[in-house]
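Structure first, commentary second.
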Amino acid sequence: MTEKELLIKVKQKNQKAFTLLVEQHKSLVFNTAIGFLHNKVNAEDVTQEVFIKTWTSIESFRGESKISTWLYRLTVNMSINYLKKNTNKNNIISIDKKNNENSAMLDIEDKNQNNSDKLLTNKEHSKALKYAIDSLSQRQRTSFILNKYENLSYKDIAEVMEISISSVESLLHRAKKNLQKKLLNYYKKTASF
Amino acid sequence: MNDCTKIENNLIFFYYKELNKEKMEQINVHLLNCSKCEILYNQLANSLSVIDIEKNTDIDLLLTNKIIEQVLLVEKNKKGKNNSVVFKKLIQTTLTVAAISVGIFFGVFIGGFYESANIANSNFEQTEVFYFNDLEQEAFLSEIINNE
């Protein structure tokens, strides 16, 4: 079944076609959401919300772009909204607050704690990365997540974000520079370089 | 800007292999000779590798089922809402028609009641009838007639 045929059936509220659409695109939605939320449960919540929204408003999809582009846009918007809504509920982990153990963080096992090369544990690396990504501007963060979590090309990112390819290049360059700055500053502070 | 600062500014691009061959080689050599930069690079690489761990997070096998269940629930609620809207509109129309009918009925009933009550209670009876062209009132005209 082609994408067009699938979408026609979904627009006709065909449940089987919708199930197929979910199966084909759930990892795309989930991976993008986890890039923003860094939490499996929250990413699954957003994935559900995205597909419910898809079911209820598929009529508004005009087919001018690929369904994946439309889903990426929905996921980015809903993840940002989810973060805004839950800012007070979730503990936004600050690197400075070392003792603040948030159970919502990805449970990455510290298998290499004894490795002398690693001054930080995996959990701390996870926190550091989350902090650094969250500190990026919304546009830098979106372009970085689409590029690194979903391996989207500059052209695809430009289509999702509705900007030019050169803008994507510039956003990604600044995003990486800022990430590097935040992370290196953190390592220098913690390891007393 | 010393060598270390220059290297630090490009570590993330070195990690993502986004530098030209010459710069890649230059940083590689520097990292082999500078333990401080090497540690920083390893830290950065470890933090950035978390992205790959997050990317490979297993999705709940029942996620599709959960989504379909949610969608069915949304559809059910939508239908229930539509039915209640139709029912509400039907009730509203019925009540409006009933209110207008009752109003008309009472209007006609009360009007009819007062009309018959007025007729029954009326004592007025006309005893004298005055005519404008009564001959007695026309003295001048009668004199003329008589003189003739």
Considering segment A:56-85, residues that are of a type in the set (A, V, I, L, M) and under 21 Å from the mean Cα position of the chain (by Cα), and then whichever is farthest from A:ARG141 (Cα to Cα), we arrive at A:ILE67
Restricting segment A:46-67 to residues that are more than 18 Å from B:LEU72 (Cβ to Cβ) and crowded, with 18+ Cβ neighbours inside 10 Å, the one nearest to the other protein chains (Cβ to nearest Cβ) turns out to be A:VAL46
Of the residues in segment B:52-71, those that are within 8 Å of chain A (Cβ to nearest Cβ) and within 41 Å of the chain's Cα centre (by Cα) come to B:GLU54, B:LYS55, B:THR57, B:ILE59, B:ASP60, B:LEU63, B:THR64, B:LYS66, B:ILE67, B:ILE68, B:GLN70, B:VAL71
Looking across segment A:19-45 at residues that are within 14 Å of the chain's Cα centre (by Cα) and surrounded by fewer than 16 Cβ atoms within 10 Å (Cβ to Cβ), the single one that is farthest from the other protein chains (Cβ to nearest Cβ) is A:VAL41
The lone condition A:ASN14 fails out of (1) within 19 Å of B:LYS78 (Cβ to Cβ); (2) open to solvent by 40 Å² or more (accessible area, probe 1.4 Å); (3) in contact (Cβ under 8 Å) with a residue 24 or more places away in the chain is (3)
Of those in segment A:29-71 that are among the β-branched types (Val, Ile, Thr), in contact (Cβ under 8 Å) with a residue 60 or more places away in the chain and in contact with a helix residue (DSSP H, G or I) (Cβ under 7 Å, 6 or more places away or on another chain), the residue nearest to B:LYS79 (Cα to Cα) is A:ILE67
The helices (runs of 4 or more DSSP H) lying wholly within segment B:1-78 that contain at least 1 residues that are in contact (Cβ under 8 Å) with a residue 24 or more places away in the chain and surrounded by fewer than 16 Cβ atoms within 10 Å (Cβ to Cβ) are B:3-8, B:35-55
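The values are calculated or read from the model by the stated rules, or taken from the named source; none is laboratory data. Everything numeric in this text was worked out from a predicted model, so none of it was measured. Here the Cβ is made from the backbone with ideal geometry for all residues, glycine too, and neighbour counts use every protein chain on show. All accessible areas refer to the heavy atoms of the entire protein, side chains included, with ligands and DNA or RNA removed. Shrake-Rupley method; radii C 1.70, N 1.55, O 1.52, S 1.80 Å.
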